[in-house]
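> Here it is, the structure, as structure tokens.
The values are calculated or read from the model by the stated rules, or taken from the named source; none is laboratory data. Predicted model, so just to flag it, every value in this text is computed and none were measured. Using ideal geometry, Cβ is built from the backbone for each residue, glycine included, and neighbour counts are taken over all protein chains shown.
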Amino acid sequence: MTQKAKTLTPGLLLSACVAVVSILLSSLIPGDIIGATVMALLVGMALNPLFNRYQQFHPGVNYASKMVLRAGIILMGVNMNFAQVVNVGKYALFVMLFTMATAFGAGNLIGRKFGMNWKLTNLLAVSTAICGGSAVAAVGPVIKAKDEDIAYAISSTFIFDILTVVVFPWIGMALGMSDMGYGLWTGTAVNDTSSVVAAGYAFSELAGNTAVIVKLTRTLFIIPYVLMFSVITERLEARAEGIQGRAPINWKKIFPFFIVFFLVVVALRSTGIIPEVAVPPLSKTSKFLMITALSAIGLKTSYGDIKNIGFKPMILGFITDTLVVFVSLGIQILTAKF
């Protein structure tokens, strides 16, 4: 074993153990109300005071929060298929444009009114617009957000997701929505994947299938947003260093190369090079790596850090989520796709 491996092993094992405990605790709660990703953050933060006492864990935990996270995002591409995205149709993408514009437009407007920093504001917006924790985990390191901001953005929307799992099927039935219409609504308006699955299949199997495909299509938007925020961060850092005008972008420095590998995995899945039988184990591996990384982020974050952020971001997240729900439903009503 190399010296680097010896240095990283204690922290990596700790993060993995926290992930296993979080998965078990999450499974004990009925209805997947608190997903394993959110549970990993909570358990990690609970162990933060103990973690801070032992420096030997720090290198591995730092590595897990960055490199293991990227590995999880890359493997997440195995769940996606370009053919499915095409089959969802242009209409789903049309609705997503409105919901994403609402999340980022309203989010940044309210964030400015609340005096919030732009990084936390956009982490909350990207959580609502794309795919909850996965999007936050991908964008957070790119904009060099604090660990507590990443943890806050991931955990702040889980209460809203709990409400959607309970309320969405009832609203869909009360409004007499079609299976396709309800699936489209759920897939574009609910944040976390587990919540989309729960709310979608509670209505019908067709609605659940539609919701999942729409949700995976939303996930592909991680790519342009990561690239966009890479450029924004580079520009802001150049301005902070006193560089005048539009300095040339150092793409080699800022380009998130893990996104390229993510696309390669999606392509391999879409062409059948990755066989169907390999998808479930690879998908489970991706999820475990993500939970491990979020455990590491939790270990590095104290509840005091979260408390100091205040309630305004929570309010912002709730307002943005609510607006997206109504916009998605409104677009369907206006275009008679109900």
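> Pick from the stretch 156-185 the residues that are surrounded by 24 or more Cβ atoms within 10 Å (Cβ to Cβ) and among the polar types (S, T, N, Q): which of them is modelled with the lowest pLDDT?
By that ranking, first place goes to Thr157.
> Could you please let me know if Leu323 is modelled with pLDDT of 75 or more and under 18 Å from Asn79 (Cβ atoms)?
no
> Within the stretch 9-19, identify whether any single residue is at negative phi, over 24 Å from the mean Cα position of the chain (by Cα), assigned to a helix (DSSP H, G or I) and free of Cβ contacts under 8 Å to residues at least 60 places away in the same chain, and answer yes or no.
For the stretch 9-19, residues at negative phi, over 24 Å from the mean Cα position of the chain (by Cα), assigned to a helix (DSSP H, G or I) and free of Cβ contacts under 8 Å to residues at least 60 places away in the same chain: present.
> For Thr188, indicate whether it is crowded, with 24+ Cβ neighbours inside 10 Å, of a type outside the set (D, E, K, R) and at pLDDT 85 or above.
So Thr188 fits the description; yes.
> Could we say that Leu41 is over 17 Å from Val327 (Cα atoms) and surrounded by fewer than 24 Cβ atoms within 10 Å (Cβ to Cβ) here?
Criteria not met by Leu41.
> Right, next: Of the residues that sit in the stretch 302-333 and are touching a residue at least 40 places away in the same chain (Cβ under 8 Å) and either touching a strand residue (DSSP E or B) at 6+ places or on another chain (Cβ under 8 Å) or among the aromatic types (Phe, Trp, Tyr) (or both), which one is nearest to Gly183 (Cα to Cα)?
Looking at residues that are touching a residue at least 40 places away in the same chain (Cβ under 8 Å) and either touching a strand residue (DSSP E or B) at 6+ places or on another chain (Cβ under 8 Å) or among the aromatic types (Phe, Trp, Tyr) (or both), I get Phe318.
> Identify, from the list Phe94, Phe57, the residue that is hydrophobic (A, V, I, L, M, F, W, C), surrounded by fewer than 14 Cβ atoms within 10 Å (Cβ to Cβ) and touching a helix residue (DSSP H, G or I) at 6+ places or on another chain (Cβ under 8 Å).
It is Phe94.
> Search the stretch 174-211 for residues being under 12 Å from the mean Cα position of the chain (by Cα) and assigned to a helix (DSSP H, G or I), and hand back the single one that is farthest from Gln332 (Cα to Cα).
Filtering first and then ranking leaves Ser194.
> Let me ask something else. Quick check, is Val214 within 16 Å of Gln332 (Cβ to Cβ), surrounded by 18 or more Cβ atoms within 10 Å (Cβ to Cβ), at pLDDT 80 or above and not aromatic (Phe, Trp, Tyr)?
yes
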